[in-house]
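J.: This is the structure, below, for whatever I ask next.
Read the figures in this text as sums done on the coordinates, not as results from a lab. Because the structure is a prediction, the values reported are computed rather than measured. Every residue, glycine among them, receives a Cβ derived from its backbone with ideal geometry; neighbour counts consider all protein chains shown.
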Amino acid sequence: MSSAPATIALVDDDRNILTSVSIALQAEGYTVRVYSDGASALKALTDNPPDLAVLDIKMPRMDGMELLLKLREKSNLPVIFLTSKDTEIDEALGLAMGADDYIGKPFSQRLLIERIRAVLRRAQNRAQPVGESPEEEEARTLTRGRLSMDTGRHRVTWDGREVQLTVTEFLILETLAMRPGFVKSRDQLMDAAYQDDVYVDDRTIDSHIKRLRKKFRAVDSTFEAIETLYGVGYRFDEE
């Protein structure tokens, strides 16, 4: 029996975009919900979460940035931002706030669909396994010093305190923690986190790293386990 189609929420004040993207996504087999502003979308996305949300940044009543902040208080819902091409600060800020990806306007519908597929794959790969033995459950727990990562339940703790991560942040941290002390280049982190041929620039990884550090420092102000080696990449120090 085939699984149910993924549900995508589109939040944008441009009705032409809502209509055209909805038609394209439905043609790919997705279930689509549309909202014309962040305020009307917030309750629906919180009470009945879709599998992924595509948010425009500039909207009336509540813009995409504010909507993402409120969502992240309660949810790790995968999010893709729609941004204007000339607003690089918006792209960087959106990723730093916890978006999984972004795409600039005007955009190709095919590219947006490929980005959606990529983020959904990453989220589905982190779905909780069922019917595991205690040995299998223990095997998928990665422990590095004060860090513990349950790779099945997508759960991360530092000194026993939970840290909420997006799917992309989780994959980047897991890649670093798998080999503590070894340097991972930005290209290696992009390959691990995105697992496809969709173009992602260096600034994307840097923004995710900044967000990771901020989240861990919220539970431990002395957190310094993710080190930058300028011009080379990043590494995880379990000490």
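J.: Would you pull out the residues with amide H under 5 Å of LEU52's amide H, same chain only if 5 or more places away, H placed 1.01 Å from N?
T.: Residues meeting the amide H criterion: THR7, ALA9.
J.: Related question: Using bins 5 angstrom wide from zero, how does P(r) for region 1-79 break down, in % of all Cα pairs?
T.: For region 1-79, the pair-distance distribution reads 3, 16, 29, 24, 16, 8, 2, 1, 0.
J.: Among 71-78, 98-105, what's the highest-first ranking by average C-beta atoms within 10 angstrom per residue?
T.: Sorting 71-78, 98-105 by mean packing, highest first, produces 98-105, 71-78.
J.: What's the extension gain from ASP187 to ALA39 if we count 0.36 nm per residue and subtract their Cα-Cα distance?
T.: Extending this stretch completely gives an extra 49.6 nm.
J.: Continuing with the same structure: Take the residue pairs LYS70/LYS214; LYS70/LYS184; LYS70/LYS210; LYS74/LYS105; LYS43/LYS210; LYS105/LYS214 and return only those whose Cα atoms are more than 25 Å apart.
T.: On the way: LYS70/LYS214 17 Å; LYS70/LYS184 32 Å; LYS70/LYS210 19 Å; LYS74/LYS105 28 Å; LYS43/LYS210 29 Å; LYS105/LYS214 29 Å.
Violating the 25 Å limit, Cα to Cα: LYS70/LYS184; LYS74/LYS105; LYS43/LYS210; LYS105/LYS214.
J.: Can you list the residues, at least 5 places off or on another chain, whose amide H is less than 5 Å from the amide H of THR83, using H built in the peptide plane?
T.: Result for THR83 returns ILE103, GLY104, LYS105.
J.: Need the full-extension length gain, ALA4 to ARG213, defined as separation in residues times 0.36 nm minus the C-alpha distance. One decimal, nm.
T.: Extra length from ALA4 to ARG213 when fully extended: 71.6 nm.
J.: FRET efficiency for ASP237 and ARG153, Cβ-Cβ distance as r, R0 = 25 Å, nearest 0.05?
T.: The computed FRET efficiency comes out at 0.50.
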